[in-house]
Amino acid sequence: MKKEELDRVLLNLSKIEIGMSKIYENFSTRKNFTIPTKNFWENIAMEEQEHAQVFEDFRKRLSEDPYFTITTTIDFSKLKDFTEKVNLQLKKIKGAEIRETDAYSFGAKLEGELSEAEFIDHIHTNDKRMDARLKYLKNALLKHNTIMYNYTKGIK
């Protein structure tokens, strides 16, 4: 895959994380949510922004380091569809009346059905530290899935 195509893949992965962050930021500003719930969503939103930064760091390294290589088997059309689904979910919740329990269920469904972690398995680099960042990122994404699921079941 050419550098331009790799950059496009990484950019879309970053966009997915930003989209997820915007959804969670929306929850963190709901007037009908308690302060602990708002804080929870604010923290999750910040974590999603950190995930986006990982992909931005990869993009920067790819453009600046001629020895850094990335290989991927990500199907760009699937990635693009995924990005559009996240954006659709963001539009869906904007302005909608949502209770705290609905937000947790929505988050669990989002993290479970639209798990961006599956894409990470299809990215490899020639740098062990960068691969370790991908592994850390995948674990963080799976953690979000578990947290959301547990919250829907009343387990905190």
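The values are calculated or read from the model by the stated rules, or taken from the named source; none is laboratory data. Being a predicted model, the structure only gives us computed values, none of them experimental. Virtual Cβ from ideal backbone geometry, glycine too; neighbours counted across all protein chains shown. Side chains are part of the model used for accessible areas, which takes the heavy atoms of the whole protein and leaves out ligands, DNA and RNA. Shrake-Rupley method; radii C 1.70, N 1.55, O 1.52, S 1.80 Å.
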* Asked: Just to be sure, is M1 out of contact with any Cys (no Cβ under 8 Å at 6 or more places or on another chain), part of a loop (DSSP other than H, G, I, E, B) and touching a residue at least 12 places away in the same chain (Cβ under 8 Å)?
  -> yes
* To do: Could you please give the count of residues in region 124-156 that are farther than 15 Å from H51 by Cα, at pLDDT 90 or above and of a type outside the set (D, E)?
  => 5
* Structure fact -> Of the residues in region 109-152, those that are closer than 17 Å to W41 by Cα and over 13 Å from the mean Cα position of the chain (by Cα) come to K109, T146, I147, M148, Y149, N150, Y151, T152
* Just to be sure, is L62 touching a Lys or Arg at 6+ places or on another chain (Cβ under 7 Å) and closer than 17 Å to I120 by Cβ? -> yes
* Asked: Can you find even one residue in region 30-47 that is at pLDDT 95 or above, surrounded by 15 or more Cβ atoms within 10 Å (Cβ to Cβ), within 20 Å of the chain's Cα centre (by Cα) and of a type in the set (S, T, N, Q)?
  -> no
* Output the residue which, of all residues in region 87-139 that are among the polar types (S, T, N, Q) and open to solvent by 30 Å² or more (accessible area, probe 1.4 Å), is farthest from P36 (Cα to Cα). => N126
* To do: Please specify each residue of region 110-134 satisfying the condition of being without any contact (Cβ under 8 Å) to a residue 12 or more places away in the chain and not small (G, A, S).
  => E113, E118, K128, R129, D131
